[in-house]
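Data block below; observations after.
The values are calculated or read from the model by the stated rules, or taken from the named source; none is laboratory data. This is a predicted model, so every value here is computed, not measured. Using ideal geometry, Cβ is built from the backbone for each residue, glycine included, and neighbour counts are taken over all protein chains shown. When the accessible area is computed, the model is the full protein with side chains, heavy atoms only, and any ligands, DNA or RNA have been set aside. Shrake-Rupley method; radii C 1.70, N 1.55, O 1.52, S 1.80 Å.
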Amino acid sequence: MAKADFVRVMFNDIAHKYDLLNDVLSVGTHRLWKRAFIKFALKQNPKSALDCATGTGDIAFKLKESCEGQVVGIDFSQGMINFALERARTNPLPVDFKVADIQKLPFGDKAFDITTISFGIRNVENLDLGLKELGRVSNGVYILEFGQPKNSFFKKLYFGMLKMYVPIFGLISKRKDAYEYLIASSEAFPSAEKFVDIMKKNMTFKNYGYKPVFGGIAYIYYAN
Ligand SMILES: C[S@@+](CC[C@H](N)C(=O)[O-])C[C@H]1O[C@@H](n2cnc3c(N)ncnc32)[C@H](O)[C@@H]1O
């Protein structure tokens, strides 16, 4: 099965438990990381935003609190978008959600002030194409993604703990492979300078950089 199909089916299957498992697995810390990420992206003072791989819409809803223009969330999993739409029904701020693939975004060049993507870029089958699309449709790209801590002791400790702890949730969600995939993809995904180099290869912005979150368990990347 192609990586994109595996990822789409996996997220459709776990969509109904995604928010709960996220809170339990990260012991709530994903909320703090996302808050720091949004604060960082808002420094560009965007009026409009496209949140890619939006999942159940966490980032899109938060961005709309500060953007007076259009905020759109896209995801290629219909299951995840259904939960975002459900949340949108009771959220007082208007956010549009659509099913779309990051590798072929249905928007014109520079249609948004910024694009954001949180814990999604690691899953995109053709990373180069995905990054090109994120850069094409906006004037600034902000990415939050798992990586590897630079301190080798902390890195060993973190991945060791993850391998003991995460499979329990695989059993609860009945998609053991989903959580094996989470660990394997986080351990292997390029982070810090390596990822910035890949961004530079695929985008045409002036400024690039990154900021480690929680000792490098995750990173915030930017291009603008
Ligand atoms: C780990 S979830 C992140 C959801 C949300 N951004 C968050 O931080 O909670 C990853 C999401 O990426 C989506 N995704 C992966 N590849 C994609 C692609 N090529 N196009 C659109 N969405 C994609 C999945 O369907 C899934 O909802």
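Note on the stretch 194-206: among residues that are closer than 17 Å to Gly140 by Cβ and open to solvent by 80 Å² or more (accessible area, probe 1.4 Å), the one that is farthest from the chain's Cα centre (by Cα) is Lys206.
The residues of the stretch 210-224 that are farther than 24 Å from Val27 by Cα and open to solvent by less than 10 Å² (accessible area, probe 1.4 Å) amount to a single one, Ala223. For Phe40, the conditions (1) in a helix (DSSP H, G or I); (2) surrounded by fewer than 20 Cβ atoms within 10 Å (Cβ to Cβ); (3) free of Cβ contacts under 8 Å to residues at least 60 places away in the same chain all hold with the exception of (3). Among the conditions (1) among the hydrophobic types (A, V, I, L, M, F, W, C); (2) within 10 Å of the ligand (Cβ to nearest atom); (3) within 16 Å of the chain's Cα centre (by Cα); (4) more than 26 Å from Asp109 (Cα to Cα), Ala36 misses just one, which is (2). The set of residues from the stretch 93-146 being farther than 23 Å from Lys43 by Cβ and touching a Phe, Trp or Tyr at 6+ places or on another chain (Cβ under 6 Å) comprises Asp101, Arg122.
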